[in-house]
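Reading through the structure tokens given below for one structure.
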Amino acid sequence: MNNEVLDCIQTRRSVRDFKETQISEEELNRILNAAVYAPSGSNNQTWLFTAVQNKKTLEALNERVRLGFLEWQPGEKEYPAKLGARKRALNEEFNFYYHAPTLIIASNVPDYPNAMADCSTALQNVFLSAQSLGIGSCWVNQLTWLNASAGVREFLADLGIPKEHVICGAAALGYGNGEPPKAPARKEGTVHIVR
Ligand SMILES: Cc1cc2nc3c(=O)[nH]c(=O)nc-3n(C[C@H](O)[C@H](O)[C@H](O)COP(=O)(O)O)c2cc1C
């Protein structure tokens with residue numbers, strides 16, 4: 001039986017190669033509307049979604065991210081992907097949002113136990129609504145990892161993201177170049193039904 005929502009879930013893939021063309025205002029508004037219609041703990045809706053569409057601003061943010069990684073002193077047990085991002089940041093060509101024309105930054109209030117969960121449900125709405133509109137997307141995590149970087153936070157504050165906010169995640173958005181590959185087979189043993 002055809003089901004558009006389920007098809008959308010199964011065909012969405014992370015896109016990391018974008019055209020320069022900006023998404024339309026209507027598309028952006030529909031995607032942001034999908035974000036704020038996500039569930040949130042106790043219906044708190046304390047999140048903030050900041051959409052950045054200015055190319056120069058995004059490039060300048062990318063430079064802050066690169067510098068943030070270069071200044072960051074890894075501890076003994078760091079997440080490998082975070083170390084990988086730091087390595088890539090050594091390259092001046094590194095672009096954490098893959099030159100996507102739009103970046104939506106999801107942040108939330110401090111000391112709120114559902115901050116990440118609420119923003120994650122909303123970001124999934126962003127990815128799925130983008131997919132349904134023919135727009136590619138990718139979760140990018142560098143701003144979350146650099147939550148405490150003074151240079152990054154000053155820049156984000158200038159964009160209107162309160163300094164005390166926790167950066168929960170970000171979505172790179174734009175029209176993808178080419179067809180993304182099909183989803184790889186799912187891992188076995190990750191679903192358990194008790195009857
Ligand atoms: C919490 C989280 C963080 C992620 N961070 C990044 C990231 O920083 N850069 C990136 O290119 N992809 C990132 N991704 C995308 C994953 O790599 C991707 O979802 C995964 O490889 C599965 O591929 P698919 O989305 O195409 O199904 C992240 C995804 C999640 C859920």
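The values are calculated or read from the model by the stated rules, or taken from the named source; none is laboratory data. Since the structure is predicted, the reported quantities are computational estimates derived from the model, not experimental observations. Don't worry about glycine lacking a Cβ; one is built from the backbone with ideal geometry, like all the others, and counts go over all protein chains shown. Side chains are part of the model used for accessible areas, which takes the heavy atoms of the whole protein and leaves out ligands, DNA and RNA. Shrake-Rupley method; radii C 1.70, N 1.55, O 1.52, S 1.80 Å.
How big is the range 11-174 in terms of Cα radius of gyration and Dmax, in angstroms?
Gyration radius and largest Cα-Cα distance of the range 11-174: 15.2, 46 Å.
How much of Thr21 can a 1.4 Å solvent probe reach, expressed as accessible area in Å² and rounded to 10?
Taking all protein chains as shown, Thr21 has close to 80 Å².
Using the basic label-point model (7 angstrom from Cα toward the beta carbon), what is the Lys19 to Gln53 distance in nanometres?
Output for this residue pair reads 1.6 nm.
Could you give the nm distance between label points at Ala150 and Glu26, where each point is 7 Å from its Cα heading toward the beta carbon?
Modelled inter-label distance: 4.7 nm.
Take the alpha-carbon centre of the range 58-87, take the same for the range 11-53, and report the distance between them in whole Å.
Centre-to-centre distance over Cα atoms comes out at 24 Å.
Separation between the Met116 and Arg186 pseudo-spin-labels, each 7 Å from Cα along Cα→Cβ, expressed in nm?
2.3 nm
Ignoring everything except DSSP H segments at least 4 long, calculate the 222 nm mean residue ellipticity for the chain; use -39,500 (n - 2.57) per segment, divide by total residues, nearest 500.
After summing the helix terms and dividing by the residues of the chain, the value is -12000 deg cm²/dmol.
For a quick protection proxy, order the peptides 83-90, 161-168 by their average other-Cβ count within 10 Å, most packed first.
Put in order of decreasing packing, that is 161-168, 83-90.
Between Ala60 and Leu83, what FRET efficiency follows from the Cβ-Cβ distance if R0 is 35 Å, with the result rounded to 0.05?
With a Förster radius of 35 Å, E is 0.90.
At 1.4 Å probe size, with the rest of the protein present, what percent of the exposed accessible area of the chain is carbon and sulfur atoms?
C and S fraction of accessible area: 50 percent.
Hey, if we sort Trp139, Trp47 by accessible area with the 1.4 Å probe, largest down, what's the order? Let's see the in-between values first.
Details: Trp139 90, Trp47 25 Å².
Highest to lowest solvent-accessible surface, that is Trp139, Trp47.
Once you charge only the Cβ atoms, +1 for Lys and Arg and -1 for Asp and Glu, what is the size of the charge dipole of the chain about its Cα centre, to the nearest 20 debye? Don't skip to the end; give the middle numbers.
Numbers: 20 positive and 21 negative charges, 112 e Å.
Roughly 540 debye for the chain.
I'd like to check one number: the per residue accessible area of the chain, probe 1.4 Å, reported in Å² as a whole number.
Details: 11800 Å² over 195 residues.
Each residue of the chain exposes 61 Å² on average to a 1.4 Å probe.
Lys163: which aspartates and glutamates have alpha carbons under 16 Å from its alpha carbon, excluding same-chain residues fewer than 8 sequence positions away?
Lys163 reaches Asp111, Glu154.
Take the cross-link list Lys19/Lys182; Lys55/Lys87; Lys55/Lys187; Lys19/Lys56; Lys82/Lys187; Lys55/Lys182 and give me the ones stretching past 27 Å between alpha-carbons.
From Lys19/Lys182; Lys55/Lys87; Lys55/Lys187; Lys19/Lys56; Lys82/Lys187; Lys55/Lys182, over 27 Å: Lys55/Lys187; Lys55/Lys182.
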